[in-house]
Amino acid sequence: MLSTIERVLALEKNELFAEISTEGLAHLAAIAEEVEFHANESLFEEGAIPDACYLILAGGVDLTRSGRTELSVGPGEDLGVWALFDGEPRAFSAKATANTHALRIGQEEFYDLLSDHTDIVQSLFRTLVRRIRRVLSEQASPAGQA
Amino acid sequence: MKRWLQKLLDIREGERATTFAMITYIFLIIAVLTMVKSVRQSLFLQKFGAASLPYVYLMIAAVAGTIATIYQRFAKNVPVHRLIVWTMGFVILNLLIFRLPVVAAWEPMAYVLYVWVAVYGILTTAQFWLLANEVYDPRQAKRLFAILGTGATLGGIAGGYITQYGAPVLGTENLLFVSVAMIVVCAALAIYVGRAEAGRIQDAARALRYKASAAEKTAGGFRLIWESRYLKLVMAVISISIIIATVVDNQFSFVVQEHIPDKDAKTAFFGQFFTWLGWIGFLTQFFVTGRLVRRFGIGVAMAILPVALFLGSGVFVLVPMLSTGVLVKIADGAFRYTTHKASLELLYLPIPVGVKNKTKTFIDVFTDRFSKGIAALLVLLVTSVLGFEYTALSWFMMGLALLWIVVTIFARREYVAAFRDSLMRRRIDEDELILSPTDAATVDAMAEALNRADDMRAARLLELISGVKSPVLVTPLVRLAQSQNPIVSIRALDLLALQDSGVPAVQLLGLLDRTDVEVVSRVVRILCSDGARLKPVRLGPYLADDRPVVRLGAVMAALRYGDDAAGDIVDPETLERFLTDSGGQEDRRQLDRLMASLLRALPPGPIATNYMQRFLNSDDPEVRLEAIRAAARLRPRELVEPLVRALADRRLRYRVRDALAAYGESVIGTLADYFQDRRTPRAVRFHIPRVLERIPCQRAVDVLVSVVSDPDESVRFAALRSLGRIRSQNGGLVYTHEVLQQKLREEIAKSYRYQDWQLGVSATDATALLRKTLAEKYWKATDRLFRLLAMQHPPDDVYAAARALRSPNPRIRANAVEYLDNILAPGDKRWVLGLVDDRPSRERIERALKELGDESTPWPALLERQAQGPDDWLAACALYTIWADRQTALFHLLDKADGSLADWEDRPLTKETLSALRVKRAATQSSHDTDR
């Protein structure tokens, strides 16, 4: 069982939460739940209604679509974040590739937290906008070069 | 000695090379000026005599004006350091031509040289200060302009000595070669500064960038000055000061001539006097100017010369002697090239770079010569035309000095406003669309637009034309009423109901199948109306309809749109039975939603209140929202407390705030009870300020102020944020509570403490979390500090300054500090600027903490202080750091966990951390035992 500080240290390493203040992360750590998955155990299925996002602490998870592995996620990385924000059905299935230790942040608790902590909302916005900009610039670069 | 000099000069790391180059640069410029001035003086007096001087003054005025105009056109798009190099090249070429035997022998050459020297002096010094303006930000300028001025003063002294000892050895004309060599060095220094400070010059351009109007882009310097109140005031200050300087000079010459008739004695007196004046100027510059400007700001620095001249002239009027005449000249000489010059250059700092480049040289050159011409005419008028004694000039000087002081006050005010504008310019202007669809042509155009509009545009257009009656609107409105977007449909139906005739009711019947009772009730209204009036007798079929939504819609239509008679049709007491009995097919949830929506139309009274209380406790958020909306409309007293408690629910909070605010001042007492009670759930307390800020009155302010010292940091922050919002939008409320001032001091002390701790923490991986937390704590404390300052100063400006302080552009940060320097009260200023100005210095923090009744805490003792402090999260971080950084001397703090965890009940994070660390230490101990 991790202490709040250890959870904070794990959360701050993740890009999504890196902008949030340490005290904000302590609040986030308080709603995060430690979960364990055995190898080959499913975290969620493609098309499922999202109810949480995950931060992998140890182990690994494969993201598959229509049976094909699209992405592998390892320690320090998050999964299920976009669905947490837009509420759209899961675009991938997620299955543990080894015994996996993760933090699970439930959607309802997460929104409750955001509603009381606008500083966390601002930090998340900054990170998400930066991600979008990066994606846009990655898309624009080849066209620009061409 | 080195430390003393460092402290006195206050040139900081990273500024030294450039500042040394700038000091050398101005030193050489002024030394050359003094030398060529001596040469021109000597040549001119030898050839034409003093009687010809007035003519050459007139020539200077004419030539300088022309050159200023040409220069500012030439200069507008060229970087200043490049412009300097070109100017220097031109100057060198001129000097070499002047030295040619043929040219030197040309009779009018002495006139040309006289005018040339005057233009050289103004142009090169103006360019130097233009460069200094771009290289230094406002905070550096306050420290360093005085030092640059010292270089100028020393240059004048050195130039005098070079002339004195060089002319007999080299010959007067050959001093021009020495000047050429010095100017070559100046050009090299300008190139060096331009390259070394390219980044800062770009920052300056960005910080003061603004969207120039087309007129500004094309306008010349004079027009820009004419259209700017600030530039006109700057020009007025310069003009008055030059007029007075010229009159002082004349008066001084008269005094000396009268009291020292012998020619040699006079020469000796002048020589001695100017040498001493140079040294007085130097000492003033070195010891007074910088400190004065930093301590008292630009206002006092600008006012010191006119005040000194006013007093000096007053003394001279009373006692017209050589000593008092000398006193006036010393007052002028001591402050003109020191405090006055430094503050004048500061005045240019907030001006956008493009405007500055176009206007500064124009103002400096043109104003100087023009004002000297005016002064010459004034002297002639007083002494020759009116025939007064020269002592009468002092009366004029006193009058002018008073005018100067008044202009200075206005200029200082505009200076602060200019900085404020540069901070606020970052805001986005909002366009406001104002339409007035009153004439037929506009309504036709609207109808046409409605026919083509999508839902979003239609909703906006319908809002704009609400209340407009016209047959041409009916067709598009009927189409829009069918929209699936309820807002569009409702707005179209509302507008249709107002139309006098021609509404095709049959096309609306299909809308009765909708589930939205708001749409249905409006359709029923139209179907049961004759023109714009609802006819109650027509409601019968709809009240008996099989569809509950239609029955409810009919009830709502009767309640909302009917007159008293229509209201009687529906007995409120039978409503529930009516709705439940007649249908019977719907599930309870659906029925509750329908009944709750009826609250929108129910009149105030016990029935409505009962419904609201019942629905406010519903499981269904939709039903609760209906009850809250109804509470906002009907405002029953019984609902206040349930509403306050509902603030804890994030899904309802937004509407609850609206509802409570709708009660107005009558609800403040209850809110205050909940807010001040620390047992109230935090989620409720945290959101009460948002309600209070919507009821802007003195009572709301007082309640918010009462919690600014609350132990809960987030509640304090919420109260301050709401106080700021009230203050931004409402004048006339009182915020000058002692408690706010006390709180300000506390936040200042806290900010210094966090700065001290940040500097003190050893930088290792194990301390990373603590360092990050301290940096965040510092920013939060300064944020609260600025919110408190916003209670005493214009809030929007203070917030703009606070935002600017976080800018990556150092020039923008410096602008913010300079603005704060000018608006804060002296008592607060010292502390606040000490926090935000430049980099934190250990010495400054220690001194501030001592004065604030605290003391600097060294590493690792500060960990002990944090671990035992009141901040739960900081204490947890400190305890973790003690363990992670292996601070064994402080492990006794971790041992506290063994026996007294109950002491930490109100500090859950500290308690949890101690508990976790105890487990870790036990594991480590056990592993060591196993190893043994």
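FYI, it's all coordinate maths here, none of it is from the lab. Fair warning: this is a prediction, and the values are worked out from it, not measured in the lab. We place every Cβ from the backbone using ideal geometry, glycine too, and count neighbours over all the protein chains shown.
Amide hydrogen proximity for residue A:52: with H placed 1.01 Å from N in the peptide plane, the residues at 5 or more positions away or on another chain lying under 5 Å are A:107. Residues whose amide H lies under 5 Å from that of residue A:71, counting only those 5 or more places away or on a different chain, are A:63; hydrogens are built 1.01 Å from N in the peptide plane. Rounded to the nearest whole Hz, the Karplus-based 3J(HN,Hα) values (6.51 cos²θ - 1.76 cosθ + 1.60, θ = phi - 60°) of segment A:73-86 follow the sequence 10, x, x, x, 9, 10, 8, x, 6, 4, 4, 4, 7, 9, with x at glycine and proline. Evaluating 6.51 cos²θ - 1.76 cosθ + 1.60 at θ = phi - 60° for every residue in segment A:53-64, the Karplus couplings come out as 10, 10, 10, 7, 9, 8, x, x, 9, 9, 9, 10 Hz, glycine and proline recorded as x. For segment A:78-146, the square roots a ≥ b ≥ c of the C-alpha gyration tensor eigenvalues yield an a/c of 1.5 or more together with a/b not exceeding b/c, which makes the shape oblate. A Förster distance of 41 Å, applied to the separation of the beta-carbon atoms of residue B:94 and residue B:318, puts the FRET efficiency at 0.30. In plain terms, the chain from residue B:259 to residue B:739 could stretch by 166.4 nm, reckoned as 0.36 nm per residue minus the Cα-Cα distance. Applying a threshold of 27 Å to the alpha-carbon distances of B:142/B:777; A:95/B:911; B:469/B:535; B:750/B:911; B:743/B:829; A:13/B:777 flags B:142/B:777; A:95/B:911 as lying beyond it.
Between residue B:613 and residue B:925, the FRET efficiency from the beta-carbon distance, with R0 = 56 Å, is close to 0.40.
Once both labels are positioned 7 Å from their Cα atoms along Cα-to-Cβ, the gap between residue A:46 and residue B:484 label points is 2.8 nm.
Distance between the modelled labels on residue B:452 and residue B:392, one decimal in nanometres: 7.9 nm (7 Å Cα→Cβ projection). A Förster radius of 22 Å combined with the Cβ-Cβ distance from residue A:126 to residue B:651 puts the calculated FRET efficiency at roughly 0.30. Multiply the residue separation of residue B:844 and residue B:505 by 0.36 nm, subtract the distance between their alpha-carbon atoms, and state the gained length in nm to one decimal. Using 0.36 nm per residue and subtracting the Cα-Cα distance, I get 114.0 nm.
Close amide-amide hydrogen proximity is noted between residue A:43 and A:94, A:95, A:96, each under 5 Å apart and 5 or more residues distant or on a separate chain (H modeled in the peptide plane; Pro and chain starts excluded).
Residues of segment A:34-60 with an amide N closer than 20 Å to a point placed 7 Å from the Cα of residue A:91 along the Cα-to-Cβ direction: A:43-56. Does chain A come out rounded, prolate or oblate by the C-alpha gyration tensor, with a ≥ b ≥ c the root eigenvalues, rounded set by a/c under 1.5 and, if not, prolate when a/b is larger than b/c and oblate if not? Cα axes put chain A in the oblate bin. Only helical runs count toward this figure. For chain A, summing -39,500 (n - 2.57) over DSSP H runs of n ≥ 4 and dividing by all residues gives -13500 deg cm²/dmol at 222 nm. Positive end of the dipole of chain A (Cβ unit charges, origin at the Cα centre): among A:31, A:4, A:72, the Cα lying farthest that way belongs to A:72. The modelled label-to-label distance for the pair residue B:515/residue A:101, using points 7 Å beyond Cα in the direction of Cβ, is 4.8 nm.
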